[in-house]
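To start, the structure under review is shown below, and the notes come after it.
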Amino acid sequence: MQRLDETKLRLLALETLRALRLRYQLKELAERLGLQQSVLSRYVHGKVMPTTERALAIIELARKDYFPEFFASLLRKTPDGLYDLSQILQDQRILRTVGLYTSLLFSGSAVEKVLTVATDGVPLAVHVASELGAQLVIAKPVKDPVYTEFVEERIVRSPPVVEYVYLPKRAIRRSERVLIVDDFVRSGRTVEALLRFVERSGAVPVGVFAVAVMDSTARSLRERFPDLTLEYLVELPQS
């Protein structure tokens, strides 16, 4: 995990505590952190900022012991066996926390573009791009009439369904550093299409970030792209 500037790091600790308070009691969090409950309460209510060292401890504890369970608890499985991430993607407090967390993970990568596809994950990508100070680029299933030149990529779904996504030509330029963001990586086909966009542009893929990923897909992506950084909050078993 890369080190952010101290102000941003301390702000992330506060946002993390506020998000965790949606599920966990303040007493439990205070005990796990070895802090007085009254001190933690002042952090949560913004009355005082934690020190840099304490902020690091809060974030590290959350990353190891709370984030996987916390974000998994916000997922809902539909009767059709699909996962609903709306409780995460429609809550601005949680999106703010995830955006800050992602900026911590990739703070040393000099990200210039954040690339996503036009799905429910766009609000997440907006927060990530904002926190990284990067430009957001969205691949769409239709050609934007504002532009005249495009590059396209094909996504083959299963059962055999072919989709196409488009980017304006030169939306990503040679040597630019690109972070791919998706809400849920199921098969990995969308991520692979976005990686092909980056490759065709001559840009540099610095990593992939998602809220959730299927465990078999995570293994497959790491095997196929061993030099690519893959980060996520929840790993789900293949059913």
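Overview of results
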| item | result |
| --- | --- |
| Segment 60-139: GluC sites (Glu not before Pro) in DSSP coil with no more than 14 other Cβ atoms inside 10 Å | none |
| Beta bridges by DSSP in segment 141-238, antiparallel share as percent, to the nearest 5 | 35 |
| Distance histogram for segment 6-66 (every C-alpha pair counted, 10 angstrom bins, percent rounded to whole numbers) | 25, 66, 9 |
| Mean residue ellipticity (222 nm) of the chain, computed from DSSP H runs ≥ 4 via -39,500 (n - 2.57), nearest 500 | -12500 deg cm²/dmol |
| Förster radius 22 Å - calculated FRET efficiency between residue 130 and residue 47, Cβ distance, rounded to 0.05 | 0.30 |
| Where only C-alpha atoms are counted, convex hull volume of segment 84-227 per residue in Å³ | 117 |
| Rel. contact order, % - alpha carbon contacts under 8 angstrom, at least six apart, the chain | 15 |
| Residue exposure sequence - 52, 116 - by fewest surrounding Cβ within 10 Å | 52, 116 |
| Per-residue Cβ neighbour rank within 10 angstrom, fewest leading, 49, 214 | 49, 214 |
| Beta bridges per DSSP with both ends in the chain, % antiparallel, nearest 5 | 35 |
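Coordinate-derived values only; no laboratory data. The structure presented is a predicted model; accordingly, all values stated were derived computationally and were not measured. Glycine gets a Cβ as well: all are built from the backbone with ideal geometry, and neighbour counts include every protein chain shown.
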